[in-house]
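Reviewing the structure listed below.
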Amino acid sequence: MLDKINQASDKIINKLLDWAETIITMLPNLIVAIVVLVIFFTIAKWVRKLLNKALFKVSSNHSVNSLIATIVFTAITFAGAFVALNVLNLDKTVTSLLAGIGIAGLAIGFAFKDVASNFLSGIYMAVKSPINVGDIIEYNEVYGTVKDIGIRATTITTMQGQDVVFPNRLIVENYYTHFTINGHRRIDLSVGISYGDDLEKAEEVTKEAIREISYLEPGTTVELFYTEFGSSSINFVIQYWVKFARESDYLKAQSQGIKNIKKAYDQNDITITFPIRTLDFGMKGGKSLGEVLSEANTSKE
């Protein structure tokens, strides 16, 4: 029994000595491998920083620039890891690692297909999509400015300051409205004037008031269309195009249009109507106004 214990302890000691000898033998290579990793990581950080500066000089697409810099950084880091493994004479490990990454990639792709879809959609949005950081869009009834286009999701900041996050695949798969891509936007102002006003005069005065707005898009026309006979007014819509890069551009141009029209109408004696109710006391079966007033005075007495 004692002999067996001694034999087992000898095997363990020999194994530990072999490991210690291997570590001592590989120590120089291990140090070199660590140095290689540090060098590659430093180079990767330096290249990413350099790319960020260089790319922004030739491209204003923040998402594409960040994506390219991140891909280059990751590629250099992985290259350093494989070189370090080769220095340690772990060629078979490198081969097994590459094969394992491939198999793991397939497994992860099936298990997390939504995550993978968002990732690929994020790359597509960064490279091909017209949406960029700072653009104003409307998606799924959310209207705001694109704050960030990440690998997984896109963040939209509403005009009230709330951040709304959407998975990238949903934006790619569905429709959205892009407000800033063309650089201009049309304003439709609805106005109602009195039935007693001259329609030709009102049209000319309204158009002239809108033409005085400083935010108008050059080369565009101001158009006015009468739309209906309302209950107390003749209604029309005045349409004009303005430069648009921010929400304030639209609101200022709309506000200026309303002020200009009101001022012009006051100067030209044109009436912007409001709901009016007429009481007809002479209808069949009714009483005249005089009779109503007489009854009211009698009741007071």
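The values are calculated or read from the model by the stated rules, or taken from the named source; none is laboratory data. Computed from a predicted structure; not experimentally measured. Cβ: placed from backbone, ideal geometry, glycine included. Neighbour counts: every protein chain shown.
Structure notes:
- Given (1) outside the structural domain of D135 (by TED's automatic domain parsing); (2) surrounded by 15 or more Cβ atoms within 10 Å (Cβ to Cβ); (3) modelled with pLDDT of 90 or more, index of the condition I156 fails: (1)
- Residue match in the range 91-107 (condition: surrounded by 12 or more Cβ atoms within 10 Å (Cβ to Cβ), among the charged types (D, E, K, R) and either assigned to a helix (DSSP H, G or I) or modelled with pLDDT of 60 or more (or both)): no
- Qualifying residue in the range 244-263 (condition: at pLDDT 85 or above, under 19 Å from D197 (Cα atoms) and aromatic (F, W, Y)): no
- The number of residues in the range 187-198 that are under 13 Å from L224 (Cβ atoms) and either loosely packed, with under 13 Cβ neighbours inside 10 Å or basic (K, R) (or both) comes to 2.
- Looking across the range 233-274 at every residue that is among the aromatic types (F, W, Y) and under 33 Å from the mean Cα position of the chain (by Cα), the one that is farthest from T180 (Cα to Cα) is identified as Y240.
- Qualifying residue in the range 225-242 (condition: within 19 Å of G144 (Cα to Cα), at pLDDT 90 or above and either of a type in the set (D, E, K, R) or crowded, with 18+ Cβ neighbours inside 10 Å (or both)): yes
- Qualifying residue in the range 204-216 (condition: out of contact with any Asp or Glu (no Cβ under 9 Å at 6 or more places or on another chain), assigned to a loop (DSSP other than H, G, I, E, B), surrounded by fewer than 13 Cβ atoms within 10 Å (Cβ to Cβ) and modelled with pLDDT of 90 or more): yes
- Selection of the range 174-196 for residues being closer than 26 Å to K243 by Cβ, of a type outside the set (A, V, I, L, M) and not in a strand (DSSP E or B) yields Y175, Y176, F179, T180, N182, G183.
- Segments classed as strands (runs of 3 or more DSSP E), wholly inside the range 131-173, with at least 3 members that are farther than 20 Å from N65 by Cα: 136-139, 142-149, 163-167
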